[in-house]
Amino acid sequence: MTFQQFSLSNDVRNLASASRLGIFPIILLTILIFLIPAFSFAQADSDPSANSYFRADRINALIAMVLFSVVILIYTRWAKAGKDLFIRKINGLDEVEEAVGRATEMGRPVLFVPGIGEIDEIETIAGVSILGRVARITARYETPLLVPVRYPMVLAAGQEVVQQAYIEEGKADSYDKDIVRYVAGEQFAFTATVNGFMMRERPATNIYMGAFFAESLLLAETGNAAGSIQIAGTAQPAQLPFFIAACDYTLMGEELYAASAYLSREPLLLGGLKGQDWMKVLIIILIFLGIMLVSAGVSDWYLSMFESV
Amino acid sequence: MKTTVPIIAAFLSGFVMLLAFFFNPETSALGKLEPEVLSWVTIVGGFTLLLGVVSIVRVNYSSVKRKSSGWGYKLATLISIFAMAIPAIVPVRWSSLFGTGTGSIYDWLFNYIDSPMMSTMFAMLAFYIASAAFRAFRARSAEATLLLVTATLVMLWRVPMGEAFLSGIHPDIPDLINTYIMNGANMAVQRGIIIGAALGAAAMSLRIMLGIERTYMGK
């Protein structure tokens, strides 16, 4: 569950040292964000339909957001200061380089599908981030790469990322604009095209990272039938069983968002993972507290804190 | 400049959407910003559609020209694109066959070719599920055996004949499967994944807004 090993005493000490590194802007931002509802409470009513500027019914979300942001930023500062962060092994990501190497040896292409979501979905952005890392490896080994996309905005972002990867690997001449290509706007037309490519070109490695829906199993089973090594990652719980059944490695939920940090090993990105872990600890404590209060029959006030509109 | 401008744009867009979430759209201008920004996204998306059309035509045309493997499919793609697009673009005042209204060429192609093909692709999912399930449910280890037993019970519970069979053994079995497998173990694991994914998404959004995460720009 956790990305890092943590020890409470060490972390408290490190938080204290992080605070000396200059978290003044973070504290200022926190105070400012809390001032907004404070002003609006002067005229607000707990009724969301009341004529207040601020949505008082969403104060719980605001508090959670500020707390989460502060924790993440403190750990990012801490990582920037040069502390070593342990990250647990994610097999699917460790296999990416090996899978691309296999494609190179076999002289066959690598297929990367960044999901079928628009660029405004965070899963798609995570997929495009991983694409950059994969493109660096394919550029280094001069392995053919193909990235079919469903939306033109993902096409523009994908082309930029892949081009940058080729430039940074010193292989700008090998970059082809059609590595990332628009395939179809319809979900199943997109699936049919990608499946057709798998059966005709037989890519050695298929990587699926992003938002997937009903087409997940159609893609993964076809790739399996084509004999490709398959690595998938999505945050859609309903699609995870399909990927687990048909792929060699699957990144589940948060692992997809951790992938860019894991592959790049940049301290600033790794710091965010540590912050996430502490939020998970807090949520676990809140769940256990809730279980006890509900069992004791005194939970009304507690449950009302988590109500949303 | 190439990095700074996108970071500023990401920060401003994210911050505006964040603020809009906490403000009442009925009474404050900030609350109204959310649909406003989303309509900008649609407008930008409309412009980029041209990029998609250029990409699909260029890729397929060059394959057809070189007669590379599967060039026949690419020719079919090119013909389909223009067969759908041209009649839809031509002004409807020329003929009721043009435009996208009922009875137009576009409408006919959509209802009688495009839509059945999409349904066919979706229907194929049933066969893919069967083959994936066959592979996943092979009892090669203790975990796979547990999965096999659980899946068999759930599948039996989901179909009326299976439910009748289970009720015949003991009337409480269907309720127990619902309570302990679906609403217990299954729900708990799904919620764990959802909470983890939500935190991961929130953390990534924050990293993007603050310019810490730049990998989506290829940095």
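Of everything in region A:258-269, what is open to solvent by less than 10 Å² (accessible area, probe 1.4 Å) and either over 21 Å from A:V100 (Cβ atoms) or facing chain B (nearest Cβ under 7 Å) (or both)? Give them in sequence order.
The answer is A:A258, A:S260, A:L269.
Condition (residue is farther than 30 Å from B:A9 by Cα and within 13 Å of another protein chain (Cβ to nearest Cβ)) applied to region A:112-129: is it met by at least one residue? Among the residues of region A:112-129, not one is farther than 30 Å from B:A9 by Cα and within 13 Å of another protein chain (Cβ to nearest Cβ), which makes the answer no. Here B:L97 meets each of (1) surrounded by 14 or more Cβ atoms within 10 Å (Cβ to Cβ); (2) under 30 Å from A:N224 (Cβ atoms) with one exception, condition (2).
Residues in region B:169-190 that are within 25 Å of the chain's Cα centre (by Cα) and either at the interface with chain A (Cβ under 7 Å from one of its Cβ atoms) or farther than 25 Å from A:P241 by Cα (or both): 1 in all. For region B:191-212, the set of residues classified as more than 7 Å from chain A (Cβ to nearest Cβ) and within 17 Å of A:M252 (Cβ to Cβ) consists of B:R191, B:G192, B:A198, listed by residue number. Select from region A:195-216 the residues that are of a type in the set (K, R) and more than 8 Å from chain B (Cβ to nearest Cβ) and list them in ascending order. A:R202 - this is the single residue of region A:195-216 that is of a type in the set (K, R) and more than 8 Å from chain B (Cβ to nearest Cβ).
How many residues does region B:203-219 hold that are outside any loop (DSSP other than H, G, I, E, B) and either of a type in the set (D, E) or open to solvent by less than 40 Å² (accessible area, probe 1.4 Å) (or both)? Before the answer, list the steps.
Here is the first cut: in region B:203-219, the ones outside any loop (DSSP other than H, G, I, E, B) are B:203-209, B:215-217.
Still in the running and either of a type in the set (D, E) or open to solvent by less than 40 Å² (accessible area, probe 1.4 Å) (or both): B:203-204, B:206-209, B:215, B:217.
Summing the residues that are outside any loop (DSSP other than H, G, I, E, B) and either of a type in the set (D, E) or open to solvent by less than 40 Å² (accessible area, probe 1.4 Å) (or both) in region B:203-219 gives 8.
Residues that are assigned to a strand (DSSP E or B) and either open to solvent by less than 30 Å² (accessible area, probe 1.4 Å) or not assigned by TED's automatic domain parsing to the domain that holds A:T124 (or both) were ranked within region A:207-249; the one that is farthest from B:A132 (Cα to Cα) is A:M209. What do you reckon, is B:I81 in contact (Cβ under 8 Å) with a residue 24 or more places away in the chain, open to solvent by less than 70 Å² (accessible area, probe 1.4 Å) and within 8 Å of another protein chain (Cβ to nearest Cβ)? Criteria not met by B:I81.
When region A:143-161 is filtered for residues that are over 18 Å from B:T48 (Cα atoms) and hydrophobic (A, V, I, L, M, F, W, C), the ones remaining, listed by number, are A:L145, A:L146. For A:A192, the stated conditions do not hold, so it cannot be described as in a loop (DSSP other than H, G, I, E, B) and at the interface with chain B (Cβ under 7 Å from one of its Cβ atoms). In this entry, B:A151 is excluded by the filter for residues that are free of Cβ contacts under 8 Å to residues at least 40 places away in the same chain, part of a helix (DSSP H, G or I), more than 27 Å from A:L218 (Cβ to Cβ) and among the small types (G, A, S).
In this entry, B:G14 passes the filter for residues that are touching a residue at least 40 places away in the same chain (Cβ under 8 Å), within 12 Å of chain A (Cβ to nearest Cβ) and open to solvent by less than 70 Å² (accessible area, probe 1.4 Å). When restricted to residues that are at the interface with chain A (Cβ under 8 Å from one of its Cβ atoms), within 19 Å of A:Q187 (Cβ to Cβ) and among the small types (G, A, S), region B:97-131 contains 0.
The values are calculated or read from the model by the stated rules, or taken from the named source; none is laboratory data. All values reported here derive from a predicted model rather than from experimental measurement. Here Cβ is always computed from backbone atoms with ideal geometry, including for glycine, and neighbour counts include all displayed protein chains. Calculation scope for accessible area: heavy atoms of the full protein, side chains included, ligands and nucleic acids excluded. Shrake-Rupley method; radii C 1.70, N 1.55, O 1.52, S 1.80 Å.
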